[in-house]
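The values are calculated or read from the model by the stated rules, or taken from the named source; none is laboratory data. Everything numeric in this text was worked out from a predicted model, so none of it was measured. Cβ placement follows ideal geometry from the backbone for every residue including glycine, while neighbour counts extend to all protein chains displayed.
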Amino acid sequence: MNKTLTVLTLGASLFAGLALPAQAAPEVSLARFDCGTPQAPTSVNERFSDTYAYGDLKVQFVFSCYLIKHGDDYLLWDTGHSMTAPNVAPKVSLVDQMAKIDLKPDQIKYVGISHYHADHTGQIASFPKATLLIGAKEWDAISSPKPPEGANYKPFESWIKGDSKVEPQPIDKDVFGDGTVIMLRTPGHTPGHSSLLVKLAQMGPVIITGDAVHFRENWDTVGVPAFNFDRAQTVASVERLKKIAANLKATVIIQHDARDIDKLPVFPAFAK
């Protein structure tokens, strides 16, 4: 009798569980910010290919940052140039751009940084309440007593002092724990460089490259800039991103290429 009651109780619990409505997954959306003022097209043959692959090619570089909305939470990906950067400063700050939708800096849950260069980190000090997500080796460099040349460490003072929260990432990071937003480990340009994978319901997966590559021809030919930290890691990271893009049929957004960033709407519009 007890066994029968137990079975009936378990069966009732199972069906009760099945009857519960499935919890809807949070909606994910993605917007692009202008985060710097473009300069004249740049000759890329010598600096951006250590095999001199680009001949007379000139590229119009742009500076972009991204906002990911996951349910009620926000991730800001890269923070562009500072407002005081000579010649390339943004015309409108990230804080002022976000004000268009009444989004305040303290509402940013995470700020993800692809790497430590100034054109990707310039406005991070505006978001001290956000948890910093950054490659572990990038963080080691920024927080070192003697940061390496090119590491824009000063805007990270709040995190370095411990007043703000940081989560250095040695491997990939599933940001919200449901597989919709994944920080990808793609070293090479710098020691702890990261890219970002965002899975949108309508547009499909989107890969935001950081500086794993700088422009389309760079992507197509796996061109390695002469100033990159590690050539082999660069090639391996680009190969990884290409395989992810092929397997997921993802849209690739190269953050410095005007031709690529136009695949996404400009804030305050969001891709979904």
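The single condition among (1) buried (at least 17 other Cβ atoms within 10 Å of the Cβ); (2) free of Cβ contacts under 8 Å to residues at least 60 places away in the same chain; (3) at positive phi that GLY210 does not meet is (2). When each of GLY188, GLY179 is tested for being in contact (Cβ under 8 Å) with a residue 12 or more places away in the chain and farther than 20 Å from SER29 by Cα, the lone residue that passes is GLY188.
Yes or no: region 113-120 includes at least one residue that is touching a helix residue (DSSP H, G or I) at 6+ places or on another chain (Cβ under 9 Å), among the aromatic types (Phe, Trp, Tyr) and closer than 21 Å to ILE182 by Cα. Taking every residue of region 113-120 in turn, at least one turns out to be touching a helix residue (DSSP H, G or I) at 6+ places or on another chain (Cβ under 9 Å), among the aromatic types (Phe, Trp, Tyr) and closer than 21 Å to ILE182 by Cα. Of all positions in region 220-235, none carries a residue that is crowded, with 17+ Cβ neighbours inside 10 Å, under 30 Å from GLY71 (Cα atoms) and not hydroxyl-bearing (Ser, Thr, Tyr). Answer yes or no: is there a residue in region 142-151 that is assigned to a helix (DSSP H, G or I) and at pLDDT 95 or above. Yes - at least one qualifying residue is present in region 142-151. For region 191-207, which positions are assigned to a strand (DSSP E or B), aliphatic (A, V, I, L, M) and in contact (Cβ under 8 Å) with a residue 60 or more places away in the chain? Passing the criteria: LEU196, VAL198, LEU200, VAL206.
Restricting attention to region 26-56, the residues that are within 25 Å of PRO268 (Cα to Cα) and loosely packed, with under 13 Cβ neighbours inside 10 Å add up to 1. Across region 213-272, the qualifying residues are those that are in a loop (DSSP other than H, G, I, E, B) and of a type in the set (Asp, Glu), and the one among them that is nearest to GLY150 (Cα to Cα) is ASP230. Just checking, does region 246-260 include any residue being of a type in the set (A, V, I, L, M), out of contact with any helix residue (DSSP H, G or I) (no Cβ under 8 Å at 6 or more places or on another chain) and modelled with pLDDT under 95? Checking region 246-260: at least one residue is of a type in the set (A, V, I, L, M), out of contact with any helix residue (DSSP H, G or I) (no Cβ under 8 Å at 6 or more places or on another chain) and modelled with pLDDT under 95.
Among the conditions (1) within 27 Å of LEU30 (Cβ to Cβ); (2) assigned to a loop (DSSP other than H, G, I, E, B); (3) more than 19 Å from the chain's Cα centre (by Cα); (4) among the hydroxyl-bearing types (Ser, Thr, Tyr), SER158 misses just one, which is (2). Exactly one residue among TYR66, TYR74 is among the aromatic types (Phe, Trp, Tyr) and either over 22 Å from ARG259 (Cα atoms) or part of a loop (DSSP other than H, G, I, E, B) (or both), and that residue is TYR74. Candidates are the residues of region 101-151 that are among the basic types (Lys, Arg) and out of contact with any Asp or Glu (no Cβ under 7 Å at 6 or more places or on another chain); the one that is farthest from VAL266 (Cα to Cα) is LYS146.
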